[in-house]
Amino acid sequence: MAAPRTADGVEESGNSDTGPALSGTLGSIQEAKRPQFGTRFLTDPRQVFQHNAWDNVEWTDEQEEAAKKKVLEHSHPLPPEKQEEYDSQANEYWNGFYTIHENRFFKDRHWLFTEFPELAPQCSLNHESPPDVAAAVDSQQDGPDQKQCTDFAASPQGNGDFPGACAAYRILEVGCGVGNTVFPILKTNNDPGLFVYCCDFSSTAVDLVKTNPEYDSERCFAFVHDLSDVEATYPIPDGALDVIVLIFVLSALHPNKMQASISRLARLLKPGGVMLLRDYGRYDMAQLRFKKGRCLSENFYVRGDGTRVYFFTQDELHELFTNAGLEKVQNLVDRRLQVNRGKQLTMYRVWIQCKYRKAS
């Protein structure tokens, strides 16, 4: 599968062919049983350029030390006034990013259904709405029929209603970009009880989602939302969602705003609902490519286009989720060696994948 590109200008292999490379005490039986999308392992370094990618690539101690040294060399932070500029104008930078690129190099993330089966059809309709949500639905006189549900899904929120109120299974993607996650979900998951929400900081990105021919307002509701603004309201009541998806989005927030943002999202989950995350891991190739003058704070950088990115450890993410009252289902490091056979280059990618559940 062709890999989409990110604001780094490098490929984001959503195609997680790797098996789990676990570290610390966060490994679990569930992680060890994680299904593998691919099983291509490099056993002979001389064969590295035979394929475009290799799975489950372990780093040597020397390689990790070299990565740490490179990060340290470029870790001098920019002046506070410059950091404030990037923070206050974040919306403009992301709108500019999507205005320039639109949907030219974004590819749908079909790998999601391997890594996150919670998004697949068979997982829908497994949960009942909590009493407060059910009450909002039952308050409609004589109970809603399917036509009322679909008509209502496309209507603005009002009179205590909300888009998708009649749905039995609700998914929210935060940081939807141009729809590389939401459209595969809508195309793959045809359950009539499914409703998908998607939001992005960039109004340009949301406009691109809404004007996509595959956008179906009867099954989906796209809206502009600033994840870091915990006072901003969502068009969904607390306790209404079965799944929240965060794919390479939390890393775009200022580190000081991450905890409050995750805690606010956790309130939207039903008991038993899950939050799914995939994001940049420490010493990913994208981090090692940053030069001097791009560091905002420790492991937090600004790209040439003004967008920002943070590189996580497993422990950092575990703390964010557990402090939000969620329980760990999965927290693993996904390492991959990508190869440019034409230029004879090797690129080491590091991602972290997490699943955390709200207690029933």
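Every number here is computed from the coordinates shown, using simple stated rules; none is lab data. This is a predicted model, so every value here is computed, not measured. Positions of Cβ are generated from backbone atoms using ideal geometry, with glycine treated the same way; all protein chains shown enter the neighbour counts.
List of remarks:
- Calculated Rg and Dmax of the stretch 201-352 using C-alpha coordinates, Å: 17.3, 52
- Nonlocal amide H pairs with Ala167, under 5 Å, H built at 1.01 Å: none
- Shape call, the stretch 167-236: gyration tensor on alpha carbons, a/c limit 1.5: oblate
- Taking each residue as 0.36 nm, the span from Glu231 to Glu65 lengthens on full extension beyond its C-alpha to C-alpha distance by 55.6 nm.
- Take the Cα of Asp216, step 7 Å toward its Cβ, do the same at Ala120, and the gap between the two points is 2.0 nm.
- Sequence of Tyr356, Tyr283, Tyr348 once ranked by neighbouring C-beta atoms within 10 Å, starting from the fewest: Tyr348, Tyr283, Tyr356
- DSSP bridge pairs, the stretch 246-341: antiparallel proportion in percent, nearest 5: 60 percent
- Above-threshold pairs, the threshold being 21 Å between Cα atoms, out of Lys257/Lys291; Lys210/Lys257; Lys69/Lys328; Lys70/Lys292: Lys257/Lys291; Lys210/Lys257; Lys69/Lys328
- Sequence ranges 184-192, 74-82, ranked by mean other-Cβ count within 10 angstrom, highest first: 184-192, 74-82
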